[in-house]
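Student: My structure is below; once you've seen it, I'll send some questions.
The values are calculated or read from the model by the stated rules, or taken from the named source; none is laboratory data. No experiment lies behind these values; they were computed from the predicted model shown. Cβ: placed from backbone, ideal geometry, glycine included. Neighbour counts: every protein chain shown.
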């Protein structure tokens, strides 16, 4: 019984090899996307090194995941020129990470300024008014 099932599966794979390869490619891409999403930071504006890995493997996917869908379509069109697509996606990912770092630093500076201002206000409220006669 088990041998018959294996024979049927092997014959199906041999007759439909292109379908099996296509499904395998879809599953691998899906797993790669899920892996990347698990590596992504909590915030979209946080830099992530996983984008570089995706850019090396499939440049249009990296562009799509950093929020550049039109560039991803154009990169898909020039994918036969793989080195050009690779350089383009790596530069875009680098720019995305630099922008995310600038946003994070700006938020941090605003938080420090707000905390300093709140501390100064608290010190002023705790001071005794000047006594006048």
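Student: Here are some residues: 120, 114. Which one is in a helix (DSSP H, G or I) and either at pLDDT 75 or above or surrounded by 13 or more Cβ atoms within 10 Å (Cβ to Cβ) (or both)?
Tutor: Testing whether each residue is in a helix (DSSP H, G or I) and either at pLDDT 75 or above or surrounded by 13 or more Cβ atoms within 10 Å (Cβ to Cβ) (or both) leaves just 114.
Student: Among the candidates 87, 73, 78, 66, which residue alone is loosely packed, with under 15 Cβ neighbours inside 10 Å and under 20 Å from residue 33 (Cα atoms)?
Tutor: 73
Student: A follow-up question, please. So which residues in the range 1-51 are touching a helix residue (DSSP H, G or I) at 6+ places or on another chain (Cβ under 6 Å) and either modelled with pLDDT of 75 or more or exposed (fewer than 10 other Cβ atoms within 10 Å of the Cβ) (or both)?
Tutor: 50, 51
Student: Also: Just give me the residues in the range 67-82 being under 17 Å from residue 57 (Cβ atoms) and more than 21 Å from the chain's Cα centre (by Cα), in sequence order.
Tutor: Listed by number, the residues that qualify are 78, 80, 81.
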